[in-house]
Amino acid sequence: SSSSSSSQLPPAVRVLETCRVAPSRDGLPPIGEEGASLPLTFFDVRWVRSHPMERLFFYRWHDADTPRLLHSVLPRLTRALSLTLRHYYPLAGRLRAVPPGSDAFEIYCTDSDSVPLTLAESDGDFLRLAGDQPRGLHELRPLVPQILGAADGGADSPQPLMALQVTVFPGAGVCVGVSIHHSACDGSVFTRFVKAWAAACCSPPEEDVAWVPPPDGELPVVDRTLVSDPKGLYTIFRDGIKSLATDSLSFPKYDGPDPVLSTFLLRRAHIEELRRRVPSPPPPLGTRYSSFVLAVAHVWVCLLRAEQQGTTTPGAAAGDDAAHLFFAVDFRARLRPPLPAAYLGNCLGSCFVDAPRGELVGKGGVGRAAEAIAGSVARLGEGDVLWDAEEWTGKVKERLPGRPLTIAGSPRFRVYDADFGWGRPAKVEVLGIERTGAIALADSREEEGGIEVGFARPEPVMTRFASLFAAGLQDNN
């Protein structure tokens, strides 16, 4: 009999080599003995104590073998990485407090900065690990590079910000693992960096000097003075993360069996079917719901129903409490004046959605969820989008005991456009969501306009969700 995915032994991953890659400084003046510092903004300091952002990019490569990876692919990867870090040099720097022990954080860059790149080999089943079906987190974790000390932003010693790992599956494929400290940048920059590195891998060596990152040759903008802080949000957010840590508040852990990671695909036709069946939004919210709103509404309701079916908690089934959802919104274009799309840092606002649990798990729940999500997005408005920013940390603290659902990633990142020369990824996976219970959203690898949804839950919940997810696309739920 086959064992469940959560109980299988993890495949062996053997480290072959670790090298350090420095940003190319060709034609650039040295930074100098004093180094250069980028102060964290209020957008950045919120993430100082967060776990790193972690993504795995799986590529099919039937000719993959370890000698070829070491002798021909590794030089191409390191050359391209050095070129890319020339423009993304803060990611090779370190996070530190100035003075040590204080709460004034900065990214410190020197001429000796470099990023660790690990080469590894796995005997795992590539097609299964890069699949959609439930997989144990212990199977995927060895493919993720570790940033030493990244979770402890308060330490006196400077913290590295990035680690990279390339793992070959002989005769099957390769996995590129990327970990970046969230205080350095947000998901938009993360994916821009990976796509720039991938594009540099595909550029001829003679173009090294002229090469600039895509899209459209748009260089990262590092100027932190573009972010003004008239409301003193840096101090508010810094104190907020300290109070969260003091109160030991974090996302509730799931009891019972270890979570498994699964992916579900919402095709464009599925989204149109949801749009057809869900009542039109009330007039202030426009004429139609976005694909994002419909996808999140469907997943949120299915998850609530799946978790409710397995609960024995009094009151939970009655739906007499509120369900909470919150997610980050890119504020670059929403600020006045706006920030450049290529701004290298964090620029995320918070959007909070609350709705009665009973209404969401009942008939017509997806329509109720869509209205609540669209209403919260509409309240963000334009112009002074920071109108309630002082309250963000307090709102998080209030909602954490109620197991809020959060969202990682975005279909707008187009992660499947990252091509290192092996073609489009067979699969892109977000890790770390098992710690928070978040759902990870991405563009579809199969069709324009589709959305992939990944998340981790104990296998019984995942089985119930899969049934509800499919049923909800077939009849009016």
Can you tell me how many residues within segment 81-112 are of a type in the set (D, E), in contact with a strand residue (DSSP E or B) (Cβ under 8 Å, 6 or more places away or on another chain) and modelled with pLDDT under 95? 1
Given the criteria touching a strand residue (DSSP E or B) at 6+ places or on another chain (Cβ under 9 Å), more than 25 Å from T41 (Cα to Cα) and modelled with pLDDT of 95 or more, does F352 qualify? no
Hits in segment 349-369 (condition: part of a loop (DSSP other than H, G, I, E, B) and more than 14 Å from A323 (Cα to Cα)): K363, G364
Pairs returned, first residue in segment 134-145 that is outside the structural domain of E459 (by TED's automatic domain parsing), second residue that is of a type in the set (D, E) and outside any loop (DSSP other than H, G, I, E, B), beta-carbon separation under 6 angstrom, 6 or more apart or interchain, are L137/E434; V144/E54
Tell me yes or no: at least one residue of segment 128-148 is surrounded by fewer than 21 Cβ atoms within 10 Å (Cβ to Cβ) and polar (S, T, N, Q). yes
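Within segment 190-204, is even one residue farther than 30 Å from V396 by Cβ and at pLDDT below 85?
Within segment 190-204 (the criterion being farther than 30 Å from V396 by Cβ and at pLDDT below 85), the answer is yes, since at least one residue qualifies.
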Going through (1) modelled with pLDDT under 95; (2) in contact with a strand residue (DSSP E or B) (Cβ under 7 Å, 6 or more places away or on another chain); (3) more than 19 Å from S50 (Cβ to Cβ) one by one, K427 fails only at (1)
Could you please let me know if A372 is under 26 Å from A306 (Cα atoms), small (G, A, S) and not in a strand (DSSP E or B)? yes
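So in segment 125-160, with the set limited to residues that are of a type in the set (G, A, S) and either modelled with pLDDT of 95 or more or part of a strand (DSSP E or B) (or both), which one is nearest to E459 (Cα to Cα)? Lay out the reasoning, then the answer.
So the first thing to find is which residues in segment 125-160 are of a type in the set (G, A, S), and the list is 130-131, 136, 149-151, 153-155, 157.
If we keep only those that are either modelled with pLDDT of 95 or more or part of a strand (DSSP E or B) (or both) as well, we get 130-131, 136.
Working: A130: 18, G131: 16, G136: 10 Å.
Ranking the candidates gives G136 first.
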Name every residue in segment 401-418 that is crowded, with 16+ Cβ neighbours inside 10 Å and at pLDDT below 95, in order of residue number. P404
Taking only pairs six or more apart or across chains, which ones have beta-carbon atoms under 8 Å, a first residue in segment 430-445 that is at positive phi, and a second residue that is surrounded by fewer than 20 Cβ atoms within 10 Å (Cβ to Cβ) and among the hydroxyl-bearing types (S, T, Y)? G437/Y254; G437/T406
Mind checking which pairs have a first residue in segment 375-397 that is more than 21 Å from P338 (Cα to Cα) and a second that is part of a loop (DSSP other than H, G, I, E, B) and of a type in the set (D, E), Cβ under 8 Å, 6 or more apart or different chains? K397/D247
G345 fails exactly one of (1) surrounded by 21 or more Cβ atoms within 10 Å (Cβ to Cβ); (2) small (G, A, S); (3) over 15 Å from the mean Cα position of the chain (by Cα); (4) assigned to a loop (DSSP other than H, G, I, E, B), namely (3)
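The values are calculated or read from the model by the stated rules, or taken from the named source; none is laboratory data. These numbers come from a predicted model, not from an experiment. Backbone-built Cβ (ideal geometry, glycine too); neighbour counts: all protein chains shown.
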